[in-house]
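Colleague: Before I ask anything, let me first share the structure, which is written out below as C-alpha cells.
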Amino acid sequence: MKFKSIVYLLFISSFFHIGCSPKPSESLKIYVSENGDDKNAGSSSSPLKTLDFAINKTRETNGKKVIIVKKGKYFDVNLKLTKEDKNLTIKGEEGSSPMLFGGIKLENLKKEGKFIYADVPNTRNRNWDFRMIQVNGKYKERARSPEKGAFTHLNNFDVRWLSSEAGGWERKPTDEEKTTLKYIPEDIKNIDVNNAELTIYHEWDETLVGLKSHNIENNTLKFDNESQHPPGAFAKRNKNAQTYVVWNTLEGMTKPGQWFLDRTNERLYYWPTENENISSLQIIVPKYQNIITLEKGTSNISIENLTLTSTTTKLITGGYGAMRFEGAISGKNIDDVSLINLNIKNIGGWALKLLGNNIKITNSEIENCGAGAIFYRGKNIEIKQNRLHDIGLIYKSAVGIFGQGNKNTISQNEIYNMPYCGINGIGNNSLVEGNVIHNIKTFMQDGGAIYMFGHKNTKVKNNVVLSKLNSGIKTYAYYLDEGCENCVVENNLSYNAKVPIQAHMTRNCSYKNNVFLDKGPQSIAYANSSELTFEKNILVADSIIFKGPTESSPKYIKGKQGKVMKGYSSAIGITSWKNNIFNSNSGDIKLRQLAQYDKVSEDQLTPFNGTLFSEIKLIGIESGKLNLSNDALLKSQGIELQDFSKAGYKTNLTELIKVYYPED
C-alpha cells in the first residue's frame, strides 16, 4: 500500500511539472521602432512598433531581457511594469535619446483670428484635463491674469501658526475659510467658473483650485477643492500670502506664446509667435499622469538613455512641497531600480516619484516640471551626478529633491532655478555631499537650499550654495528644522546666502569647517535650538549677527507653554564656539539673545574660546579653490579649507561665482 502511494505521488508530481513548466531563463533582446510593426520578429532589422507589445513579449522569459528603443517620437505612452518584469532593461539605442510622450499630437489645427485652435473632446467635465502643453518641443505659458505678478485679495485669517510639530494652526480653519476668496471688484469683472482656476499663495506652499461658483454681488469666489491653508493666512509676515493668480481665461491671453483651454466648448486655443505658422506647429497635449508606472513588487529594472515628456496632473490640493502629484516615472514598494542618462522635461507634475529601496538615479537632466524633480521615500537611494532645474512652473512650492527614509545619498548634483527649496529632506543616517545649488527660493519663504525636518544623524558636507546679493532672498543655505538631532554640517561653502545657517528647534547638531561669504549683512539663526557646536568656521560679511538662546535664556521665557514648545523651553543655543574666524568689514559682530522667539538682549561679541575676530584675505574665492594668505593662521585654528571646484555635475563653478559673487 505504501509503495502504491509513492508511485501515485510521483505520477502526480510528474504530471504537474509537465503541465506547468516554468518560463525559460534565457536572455532576450527586442527592438522597437516608431516605423516598426508588432507583427515583426522584434530584431534590429525587423523591430516591433509599440513598447506595450515589447514588454508583453519579454514576459515570456525569466532571464535577462532588454528592450532597445530606436530613435524617434513615441506618442500616447502609458506603460505599467509589474513583478513579471524582473530583470528588464528599457533603453534608447546607443547614440540616440528616443522621446516617450505621455500625450498626443493635436491634429486638424485651424485658425480663428489671431489664434490657432484644435478640438479637445472630453475636457468639459475634466475627464481629460491638463495644465501644461508644449509647442514645437518648448514649454508654453498658460493664460494668466494679471499678466505679471498677482492680484491682492481681501481675506483675513489672523490666527497664530504654532509650528508643524505643535499641530499647525492655533484654531482649526473652517470649511468656509478654506473654500472662499473675496476679491477687489476691479480685478475680476466676469469669470467662467468652468474654465478658470486660481493659485492661492501661502507662506511655503500654494493651492491650485477650481471654481464652483461666483457671487458677483458679494465679490466672492467659491472653490471646487479645499485650499491647503485659508487665503490670507501668514499675510502679516509675508505679503505674497495675500495674493492669487487667475489661470485659463480668454482675458488672460495677452501675448503670443500663451494658450487657453476652453472646457465649455472643448477647444484649445494657442496664440502663435511671430515665427510660428499653422503648417509647422506641433502641439503636444498630455493625457496621462505617468509615462512609466512601476507597480508594487516591481524589482531589478533599469531605464536608460530616454527622453520622457508631457504628463498631466489632477486638480487636487497638492500638499506641502506639491508632494501629492504623480511622477512621469512613478513607483511604490519597488526595489533595485536604476534610472540612467534620462532627460525628463515639460512634465505637469513630478519627473520622478519613487517609493522603495535600492534605487539609483544618475547622469540625468530634469527640467521644466510643473511640480518637482525627484520625490523619494525609502532606503539606500542614491541620487548622483544629475542636473535639476527650472521646476515649480505650476506649483511654486515644489522642490528639486524631496526625500525621506534612511541611509540615502544625494551627491554631485547641480540644482537651480527653484521657487522653493533645492533639497527638502534626505532621510536619517544619510549624506548630502558635493552638490551645487543656486538661484533657489525665488518665490516661497521658510525653506532652504538644503532643508531637513526631523532628521537624525544626517551629514551635509562639501556643498556650495550661491545667491545674488541684491535678490532680496534670505536663502537659508543650510536649514535644519524641527526635531533634527545629531546632524553634521561641515566643509560647506555659501555665497551671499544672507542667512547661511538656519537651525530651528534642533538638538546636538554641529557646524564645523564651513566658509560663509556675504557682501552684506550675515545672520546665523538658531531659535529654540540647544547644545549646538560651532567650530572652525570662517565667516566673512559686512556685519555678522548670531540669533538664538544662551544658557540664561530659559529664565526669560514668559507665558504658558504648550506641550511641544515646553520641550524647547530649556534651549541654550551654541555651547561650543572654538577656533572660528569672524571677519566683519564694519567690525560689527553681535549676539541677539532669544528666549524662544522673544528678544532678550543684543550685545557686541568679543573674541572667546579661541575664536578670532580678524580681517583675513581668502584666496581662490573666484574659483572655489579656497586658501588663506596667512597659512599659519589656518593651522593655529585647525581649519582645513576645501577645494570646491569639482562640486556639482559638469558645473563651471568659476562662471557661477562671477554671476553670484562678482568682484568689487
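Colleague: Summing +1 for each Lys or Arg and -1 for each Asp or Glu, what net charge is found among the other residues whose Cβ lies under 10 Å from the Cβ of residue 481? Intermediate values should be presented prior to the final figure.
Modeller: Details: positive: none; negative: 165, 446, 482.
Here the count lands on -3.
Colleague: Go through region 398-404 residue by residue and turn each phi into a ³J(HN,Hα) via Karplus (6.51, -1.76, 1.60, θ = phi - 60°); whole Hz please, and just put x for glycine and proline.
Modeller: 5, 10, x, 10, 10, x, 8
Colleague: Considering amide H positions built from the backbone, and no H for Pro or chain starts, which residues 5 or more places from residue 397, or on another chain, come under 5 Å of its amide H?
Modeller: Placed amide hydrogens put 206 under 5 Å from residue 397.
Colleague: According to the square roots a ≥ b ≥ c of the eigenvalues of the Cα gyration tensor, what is the shape class of region 23-100, taking rounded for a/c under 1.5, prolate for a/b larger than b/c otherwise, and oblate for the remainder?
Modeller: On the way: a/c = 1.66, a/b = 1.47, b/c = 1.12.
Prolate, since a/c reaches 1.5 and a/b exceeds b/c.
Colleague: Moving to a separate point now. Suppose only helical runs count, i.e. DSSP H with n ≥ 4. What mean residue ellipticity at 222 nm does that imply for the chain under -39500 (n - 2.57) per run, divided by all residues and rounded to the nearest 500 deg cm²/dmol? Walk me through the numbers on the way to the answer.
Modeller: Details: 6 runs with 50 residues, N = 664.
Estimated from H runs of four or more residues: -2000 deg cm²/dmol.
Colleague: How far is the Cα center of region 472-537 from the Cα center of region 629-657, in Å?
Modeller: Value for the Cα centre distance between the two parts: 18 Å.
Colleague: Next question, about the same structure. Which of the listed residues, 562, 419, 637, is farthest toward the dipole's positive end in region 408-658, when Lys, Arg count +1 and Asp, Glu count -1 at the beta-carbon?
Modeller: Sorting the options by dipole projection puts first 562.
Colleague: Under 5 Å between amide H atoms, partner at least 5 residues away or on a different chain: which partners does residue 354 have, H built in plane at 1.01 Å?
Modeller: So residue 354 has HN proximity to 331, 375, 376, 377.
Colleague: Assuming 1.567 mPa s and 4 °C, estimate D for region 151-251 with Stokes-Einstein, Rh taken as the Kirkwood radius over Cα pairs, in µm²/s. Before the final figure, lay out the partial values.
Modeller: Numbers: Rh = 13.8 Å.
Rounded, D is 94 µm²/s.
Colleague: Now, a different point. Using alpha-carbon positions, what is the distance between the centroids of region 213-280 and region 338-414, in Å?
Modeller: 28 Å
Colleague: Report the relative contact order of the chain, percent, no decimals, based on alpha-carbon pairs under 8 angstrom and at least 6 residues apart.
Modeller: On the way: 1960 pairs, mean separation 53.7, N = 664.
RCO, the chain: 8 percent.
Colleague: I'd like the Karplus ³J(HN,Hα) series for region 358-370: coefficients 6.51, -1.76, 1.60, θ = phi - 60°, whole numbers in Hz, and an x wherever there's a Gly or Pro.
Modeller: Rounded to whole hertz, the list is 6, 10, 10, 10, 9, 6, 10, 10, 10, 8, 6, 10, x.
Colleague: Restricting the count to DSSP beta bridges whose residues both fall in the chain, what percent are antiparallel, rounded to a multiple of 5?
Modeller: On the way: 50 of 192 bridges.
Roughly 25 percent of the DSSP beta bridges within the chain come out antiparallel.
Colleague: For region 440-539, take the convex hull of the Cα atoms, compute a quarter of its surface area, and give me that in nm², please.
Modeller: Numbers: hull surface 21.6 nm².
For region 440-539, the mean projected area of the Cα convex hull comes to 5.4 nm².
Colleague: Further question on the same structure: Please give the net charge around residue 613, taking every other residue with its beta carbon less than 12 angstrom from that of residue 613, where Lys and Arg add +1 and Asp and Glu add -1. Could the numbers behind the result be given before it?
Modeller: On the way: positive: 590; negative: 588, 615.
That sum, taken over residues with Cβ under 12 Å, equals -1.
Colleague: Order of 504, 202 from fewest to most other C-beta atoms within 10 Å?
Modeller: Numbers: 504 22, 202 25.
Taking fewest neighbouring Cβ atoms as first place, the list is 504, 202.
Colleague: If you don't mind, another one. Counting only residues 5 or more places away or on other chains, whose amide H sits under 5 Å from the amide H of residue 302 once H atoms are built in the peptide plane?
Modeller: 88, 89, 90, 338
Colleague: Further question on the same structure: Let me check against my output: what whole-number percent is the relative contact order of region 151-251, with C-alpha pairs under 8 Å and at least 6 apart? Intermediate results must be reported in sequence, preceding the final value.
Modeller: Working: 202 pairs, mean separation 34.9, N = 101.
Dividing the mean separation by the residue count of region 151-251 yields 35 percent.
Colleague: Can you list the trypsin sites (Lys or Arg not before Pro) in region 282-343 that are in a DSSP coil and have 15 or fewer other beta carbons within 10 angstrom?
Modeller: Working: sites: 287, 296, 314, 324, 332; in loops: 287, 296, 314, 324.
Taking region 282-343 and a limit of 15 other Cβ atoms within 10 Å, the loop trypsin sites (Lys or Arg not before Pro) found are 296, 314.
Colleague: Then there's this: Would you mind getting the Kirkwood hydrodynamic radius of the chain from its Cα pairs, rounded to one decimal in Å? Each step should come with its number before you reach the end.
Modeller: On the way: mean 1/r = 0.0366 Å⁻¹.
Here the Kirkwood hydrodynamic radius works out to 27.3 Å.
Colleague: Assigning unit charges at the beta carbon (Lys, Arg +1; Asp, Glu -1) and nothing else, what dipole magnitude in debye, to the nearest 20, does the chain show about its Cα centre? Working shown, then result.
Modeller: Working: 84 positive and 71 negative charges, 306 e Å.
Approximately 1460 debye in magnitude.
Colleague: At a 10 angstrom cut-off on C-beta neighbours, averaged per residue, how do the peptides 573-586, 513-526 rank from highest to lowest? Walk me through the numbers before you get to the answer.
Modeller: On the way: 573-586: 18.1, 513-526: 21.6.
Output ranking for 573-586, 513-526: 513-526, 573-586.
Colleague: Here is a follow-up. About its Cα centre, how strong a charge dipole does region 23-100 have in debye, to the nearest 20, once Lys and Arg get +1 and Asp and Glu get -1 at the Cβ?
Modeller: Numbers: 15 positive and 11 negative charges, 43 e Å.
In total the dipole reaches around 200 debye.
Colleague: Something else about it: Using the Cα centre as the reference, give the magnitude of the dipole from point charges on the C-beta atoms of region 151-251 (Lys, Arg: +1; Asp, Glu: -1; all else neutral), rounded to the nearest 20 debye. All intermediate terms of the calculation are to be shown ahead of the outcome.
Modeller: On the way: 11 positive and 17 negative charges, 62 e Å.
I would put it at about 300 debye.
Colleague: Which trypsin sites (Lys or Arg not before Pro) from region 593-664 combine a DSSP loop assignment with at most 15 other Cβ atoms within 10 Å?
Modeller: Taking region 593-664 and a limit of 15 other Cβ atoms within 10 Å, the loop trypsin sites (Lys or Arg not before Pro) found are 617, 646, 650.
Bear in mind that the values in this text are calculations on the coordinates, not laboratory data. The structure displayed is predicted, hence computed values, not measured ones. When we count neighbours, we look across all protein chains shown, and the Cβ atoms used for this are built from the backbone with ideal geometry, even at glycine.
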